[in-house]
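**Student:** Below is one structure. I have some questions about it.
Coordinate-derived values only; no laboratory data. On a predicted model such as this, the values are computed, not experimentally measured, just so you know. Note that each Cβ is placed from the backbone with ideal geometry, even for glycine, and that neighbours are counted across all protein chains shown.
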Amino acid sequence: MSVRVYALTCGWLTGPMSGFLAGDACYLRRTLEALHLPSVVDDEVAMRASLQRLRALRDAGARIVYGHDPVFWATVPQAPAALV
């Protein structure tokens, strides 16, 4: 599932885009890239299935927003810059 986001009056988004807010489902880009699981996982099989779904979304063109990845956030334009 992807989320359709539209520009709001604040003006930092410039039109529609598809994205997925991974939040705690995928903390870091390397988790998705290398299937690098955290050291503590409740259900490894379910987490791998979730990561595979995130990969499919990414491969279909969705932008994955990693919740806790400082390397990723350094590449994201900060307000008031436009997010494209």
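**Student:** Stretched out fully, how many nm does the piece from VAL45 to VAL71 gain, at 0.36 nm a residue minus the Cα gap?
**Tutor:** On the way: separation 26, 0.36 × 26 = 9.36 nm, distance 2.68 nm.
Extending this stretch completely gives an extra 6.7 nm.
**Student:** Still on this structure, I have one more. Could I have the simple spin-label model distance between ALA81 and ALA56, label points 7 Å from Cα toward Cβ, reported in nm to one decimal?
**Tutor:** 3.3
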